[in-house]
1. Could you list, in sequence order, all residues of the range 206-221 that are under 16 Å from residue 253 (Cα atoms) and either outside the structural domain of residue 248 (by TED's automatic domain parsing) or part of a helix (DSSP H, G or I) (or both)?
2. State all residues of the range 168-183 that are over 17 Å from residue 149 (Cα atoms) and surrounded by fewer than 17 Cβ atoms within 10 Å (Cβ to Cβ); if no residue qualifies, say none.
3. I'm trying to understand the selection: among the residues of the range 1-31, which are touching a residue at least 40 places away in the same chain (Cβ under 8 Å) and over 14 Å from residue 119 (Cα atoms)?
4. Here is a list: 47, 21, 62. Which entry is part of a helix (DSSP H, G or I), in contact with a helix residue (DSSP H, G or I) (Cβ under 9 Å, 6 or more places away or on another chain) and either assigned by TED's automatic domain parsing to the domain that holds residue 122 or at pLDDT 95 or above (or both)?
5. Looking at the range 187-196 only, could you name the residues that are out of contact with any helix residue (DSSP H, G or I) (no Cβ under 6 Å at 6 or more places or on another chain) and not in a helix (DSSP H, G or I)?
6. When you go through (1) farther than 30 Å from residue 37 by Cβ; (2) assigned to a helix (DSSP H, G or I); (3) over 22 Å from the mean Cα position of the chain (by Cα) one by one for residue 110, which number turns out not to apply?
């Protein structure tokens, strides 16, 4: 069992590294690299889980089956499980690494730890990866920008709503082009000086935050700060982190500097400067 598990893990790591190098040297592949990584990690976790459950107790197999069934049901019946699954997958990966470190420490003391301790983190990863993919696949997203004329505020609100809907279902990983379409439209409105209302500034900041380079994140921060100075969003509104903090951290990381507020899941500074405007 142990040999099969390590072979699967080694193969998944090798594929992951290859995908990272491919994304680095082939910019056109970057849009799909997250999706490929998600597929690889999900398949690896599922196969590893099958290896561990092959001789597990029936009750353990039942618990895992219930968790997977619940994930499938939520993926098809809700519009938010894609985002929840993304968080679960991320937490599962951290838990898997932590469990491996504990198992390695026990081996140093010449103890024989049970590999079944990996069942929980692997189950969480499978639920996360599978739930995200199923949620995205089963969603029916609206067009990324409105197809009919609207007021500026209504148009920005529509764009904001489709952006958040894509995050909720995970569809942004399936079709990243939708983010670029939204951002391009908001850029046009911003450069024309038409984003002046605090609520519009907040909604536009969130769209800018889903850009790809430092200048876009800087605009996101400036818009979020302007909205916050007028009390948008209202105090007490549920949020993982203030948008001003999230946009500032993303901006700093894209400048090659460390984040300040600790809002980003991958806090690795990496210069991402925008190409010169044509």
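1. Listed by number, the residues that qualify are 208, 209, 214, 215, 216, 217, 218, 219, 220, 221.
2. 175, 177, 180
3. Those that are touching a residue at least 40 places away in the same chain (Cβ under 8 Å) and over 14 Å from residue 119 (Cα atoms): 4, 8, 31.
4. Step by step, each of 47, 21, 62 is checked, and only 47 is part of a helix (DSSP H, G or I), in contact with a helix residue (DSSP H, G or I) (Cβ under 9 Å, 6 or more places away or on another chain) and either assigned by TED's automatic domain parsing to the domain that holds residue 122 or at pLDDT 95 or above (or both).
5. 192, 193, 196
6. Result: residue 110 fails condition (2) only.
Rundown of residues vs (1) farther than 19 Å from residue 31 by Cα; (2) out of contact with any helix residue (DSSP H, G or I) (no Cβ under 7 Å at 6 or more places or on another chain); (3) not assigned by TED's automatic domain parsing to the domain that holds residue 76, yes/no style:
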position: 110; (1), (2), (3): yes, yes, no
position: 116; (1), (2), (3): yes, no, no
position: 121; (1), (2), (3): yes, no, no
position: 158; (1), (2), (3): yes, yes, yes
position: 176; (1), (2), (3): no, no, yes
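Conditions (1) assigned to a loop (DSSP other than H, G, I, E, B); (2) farther than 22 Å from residue 87 by Cβ, marked per residue:
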site: 185; (1), (2): no, yes
site: 204; (1), (2): no, yes
site: 253; (1), (2): no, no
site: 259; (1), (2): yes, no
site: 267; (1), (2): yes, no
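The values are calculated or read from the model by the stated rules, or taken from the named source; none is laboratory data. Please read these numbers as outputs of a predicted model, since none were measured by experiment. Cβ atoms come from the backbone with ideal geometry, glycine included; neighbour counts cover every protein chain shown.
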